[in-house]
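Student: Please read through the structure below; I'll follow up with questions.
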Amino acid sequence: MLEFDYVIVGAGSAGCVLADRLTRCGRLKVLLIESGGSDARFWVKVPLGYAINVSNPAVNWGYQTARDPGLNARSISWPRGRLIGGSSSINAMAYLRGLAQDFDDWGAAGADGWDWATARAVFDRMETHSELTEQGRKKRGDGPVWVSDLTDQMAAFSQNFLMAAQDLGYAVIPDHNAPGSDGIGYYRSTVRHGLRWSSADAFLRPALKRPNLRVVRNAEVRHLLGEGRAVNGVLYDHKGKAQTATAHREVILCAGAINSPKLLQLSGIGPADLLQRHGIKVRHDLPQVGRGLQDHLALSYQFQSRTPTLNRTLGRRLGRLQAGVKYILTRKGPLAVPVNQVGGFVRSGEEDRLPTIQLYFNPVSYGVSAKGKTIVDRASGYQISAQPCRPTSRGTIEIASADPKAAPVIKPNSLSTAEDQRTAIEACNVLQRFAQSESLRAVTQQAKGPDPLAMDDAALLDDFRERASTVYHPTCTCRMGRTGAESVLDGRLRVHGVPGLRVVDASAFPNITSGNTNAPTMMLAMRAADLILEDAR
Ligand SMILES: Cc1cc2nc3c(=O)[nH]c(=O)nc-3n(C[C@H](O)[C@H](O)[C@H](O)COP(=O)(O)OP(=O)(O)OC[C@H]3O[C@@H](n4cnc5c(N)ncnc54)[C@H](O)[C@@H]3O)c2cc1C
């Protein structure tokens, strides 16, 4: 049996942060258990490899939702990283802090101690920005998370998206992460010197040399151990054997928004009726475990273009070969840039107090094969996508059986509120405006597939239900709040009523943030580490 001060379950965006921060002082012994394997894989490191990893079972839990009534009863694919770095090793690398209001909303929802001023101070010390200036590339900040401006690598075609934004009166902005900036610009990415810069690269790798950190890969935690309500260890499978690890101080679940609530439920901590239905002894009836699920949905439209886009390179064998050689020799070119080049936050109406829609523009068009493989079109094209920022629908994660190997039942409950249906239409209306803009009309041949300009609001909502997909941001399934009746964690990320146990990952968000969720998850884990170390004094 292994004995440690802290046992961390999951080496993803949050788990890597904690493994680093808790072992820095050298005084505390930490075990990090990860179900997946190494992240030393070519297509994990190459930014454009995102399109491959998203459907690669070797690095992915490959979840599938239940049939979702709000999405015309479709069951959709929910990839989650299963390797060192977790989802930060397979994500699309867009770096967005979110809006200031998102974090004030966390405090207002009962997450005591959380607000924008606190979050902002953590973001500031977490980031190093690699910026393009007139004097060349310059560094700003000295945090472990590398956030790069890749404007010099973007496809020339992407300029058309910025010009279209200007046609429509949206601000064109240099940095989405500067306070108060809504508008359209080039995305910043977690890429360093042409390679993905995951949470493992930023936090875990430098910590690996410390003798007080032990990392076990390819080891899946089955459930938590303890006496009464208190938790003091985990049972996990490794190399075909069941093993136990004891935590003298705490077990910290960082298994992500799907697997953290699943592990709580398998361990008898969750809604009593659900646990009893599966023959699991109730250790603590905590009704909100797995409830409160929020995710972002987006709808995309593709168009054939009159001027060359990335299809000219990536849609042809010779072009791919040339791009591959350029990347290997220089770490530059189309392979060095994540798929979403341009986008940002916009308001759908002038009366909106905050931006309501996030946009993504890609200078490439593609299809997806029956097996989920991305197939880039030969002819030039582009894609425009819109995501409502703050959905109000909430879904559930529930174990399907007491067998730890069984995938949980994911019910997103999408578009189940009138507000979400209205915002979905507004998101499509924004895309219609872009499709009609002078700058995009000048380079567009015709719609490839459904044409948003041929649809009224009812048809747009139906199209959204029929084709919208996840933006891969499940959150809030173990959310922070004041009491065990309305939430799972307190503001210090301790599980209500369960000594020795915290949950630190995207499941802890009280509400989904307006943008992509990797940056806020790492920020949450950085602050959680401060709180854990404070409590350990
Ligand atoms: C395809 C995709 C694209 C995305 N694109 C972006 C983007 O461009 N920008 C952005 O900001 N966000 C993006 N996201 C979202 C973002 O990456 C996640 O919100 C974030 O990584 C969540 O971090 P986490 O720590 O909560 O979970 P994860 O990073 O998923 O970590 C959980 C870890 O726990 C491990 N684990 C789970 N169960 C067990 C168990 N029983 N035993 C041991 N280990 C276990 C998992 O294998 C995993 O390594 C994307 C996500 C995906 C999947």
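Student: Grab the strands (runs of 3 or more DSSP E) fully contained in segment 337-395, keeping just those with 3 or more residues being small (Gly, Ala, Ser) and in contact (Cβ under 8 Å) with a residue 24 or more places away in the chain. So that I can check it myself, show each step before the final result.
Tutor: Values: elements: 342-346, 357-362, 366-368, 374-376, 381-388.
Correct list: 381-388.
Student: Here are Leu321, Leu264: which of them is outside any strand (DSSP E or B), surrounded by fewer than 18 Cβ atoms within 10 Å (Cβ to Cβ) and not β-branched (Val, Ile, Thr)?
Tutor: That would be Leu321, the only listed residue that is outside any strand (DSSP E or B), surrounded by fewer than 18 Cβ atoms within 10 Å (Cβ to Cβ) and not β-branched (Val, Ile, Thr).
Student: In segment 379-409, how many residues are away from the ligand (no atom under 13 Å from the Cβ) and under 23 Å from the mean Cα position of the chain (by Cα)?
Tutor: Within segment 379-409, the subset away from the ligand (no atom under 13 Å from the Cβ) is 379-384, 386, 388-396, 398, 400-402, 409.
Restricting the remaining residues to those that are under 23 Å from the mean Cα position of the chain (by Cα) gives 383-384, 386, 388-396, 398, 409.
Residues flagged as away from the ligand (no atom under 13 Å from the Cβ) and under 23 Å from the mean Cα position of the chain (by Cα) within segment 379-409 amount to 14.
Student: Applying the selection to segment 112-155, what residues are closer than 23 Å to Ser199 by Cβ, of a type in the set (A, V, I, L, M, F, W, C), out of contact with any Ser or Thr (no Cβ under 9 Å at 6 or more places or on another chain) and open to solvent by less than 50 Å² (accessible area, probe 1.4 Å)?
Tutor: If the condition is that a residue be closer than 23 Å to Ser199 by Cβ, of a type in the set (A, V, I, L, M, F, W, C), out of contact with any Ser or Thr (no Cβ under 9 Å at 6 or more places or on another chain) and open to solvent by less than 50 Å² (accessible area, probe 1.4 Å), then Trp114, Trp116, Ala119, Val122, Phe123, Met126 are the ones that fit.
Student: Further question on the same structure: Looking at Val215, Val191, which one is open to solvent by 10 Å² or more (accessible area, probe 1.4 Å), more than 10 Å from the ligand (Cβ to nearest atom) and modelled with pLDDT of 95 or more? So that I can check it myself, show each step before the final result.
Tutor: Working: Val191 fails: open to solvent by 10 Å² or more (accessible area, probe 1.4 Å).
Result: Val215 is the single residue among Val215, Val191 that is open to solvent by 10 Å² or more (accessible area, probe 1.4 Å), more than 10 Å from the ligand (Cβ to nearest atom) and modelled with pLDDT of 95 or more.
Student: Output the number of the condition that Arg422 fails; it satisfies all remaining conditions of (1) touching a residue at least 24 places away in the same chain (Cβ under 8 Å); (2) assigned to a helix (DSSP H, G or I).
Tutor: For Arg422, the failing item is (1).
Student: Please pick out the residue among Leu22, Leu28, Leu96 that is more than 10 Å from the ligand (Cβ to nearest atom) and either part of a loop (DSSP other than H, G, I, E, B) or closer than 27 Å to Ala323 by Cβ (or both). It would help to see each step written out before you state the result.
Tutor: Numbers: Leu22 fails: either part of a loop (DSSP other than H, G, I, E, B) or closer than 27 Å to Ala323 by Cβ (or both); Leu96 fails: more than 10 Å from the ligand (Cβ to nearest atom).
One residue alone meets the criteria, Leu28.
Student: Of the numbered conditions (1) open to solvent by 10 Å² or more (accessible area, probe 1.4 Å); (2) in contact (Cβ under 8 Å) with a residue 40 or more places away in the chain; (3) not in a helix (DSSP H, G or I), Lys209 fails exactly one; give the number of that condition.
Tutor: Evaluating Lys209 over (1) open to solvent by 10 Å² or more (accessible area, probe 1.4 Å); (2) in contact (Cβ under 8 Å) with a residue 40 or more places away in the chain; (3) not in a helix (DSSP H, G or I) leaves (2) as the failure.
Student: Further, regarding this structure: Pairs needed: first member in segment 463-482, farther than 18 Å from Gln64 by Cα; second member anywhere, charged (D, E, K, R); C-beta distance under 7 Å; at least 6 residues apart or different chains.
Tutor: Sorted first by the residue in segment 463-482, then by its partner, the pairs are Met480/Asp490.
Student: What are the residues in segment 488-519 that are near the ligand (Cβ under 9 Å from one of its atoms), of a type in the set (S, T, N, Q) and open to solvent by 10 Å² or more (accessible area, probe 1.4 Å), if any?
Tutor: Asn516, Thr517, Asn518
Student: Same structure again: Please verify whether Ala92 is open to solvent by 10 Å² or more (accessible area, probe 1.4 Å) and either modelled with pLDDT of 95 or more or on the phi > 0 side of the Ramachandran plot (or both), treating the condition exactly as stated. Step through it out loud before you land on a result.
Tutor: Values: open to solvent by 10 Å² or more (accessible area, probe 1.4 Å): yes; either modelled with pLDDT of 95 or more or on the phi > 0 side of the Ramachandran plot (or both): yes.
Considered against the rule, which asks whether it is open to solvent by 10 Å² or more (accessible area, probe 1.4 Å) and either modelled with pLDDT of 95 or more or on the phi > 0 side of the Ramachandran plot (or both), Ala92 comes out as yes.
The values are calculated or read from the model by the stated rules, or taken from the named source; none is laboratory data. Keep in mind the model is a prediction, meaning the values are calculated, not measured. With ideal geometry, Cβ positions are generated from the backbone for all residues, glycine too; neighbour counts draw on all protein chains shown. SASA here: full protein model, heavy atoms, side chains in, ligands and nucleic acids out. Shrake-Rupley method; radii C 1.70, N 1.55, O 1.52, S 1.80 Å.
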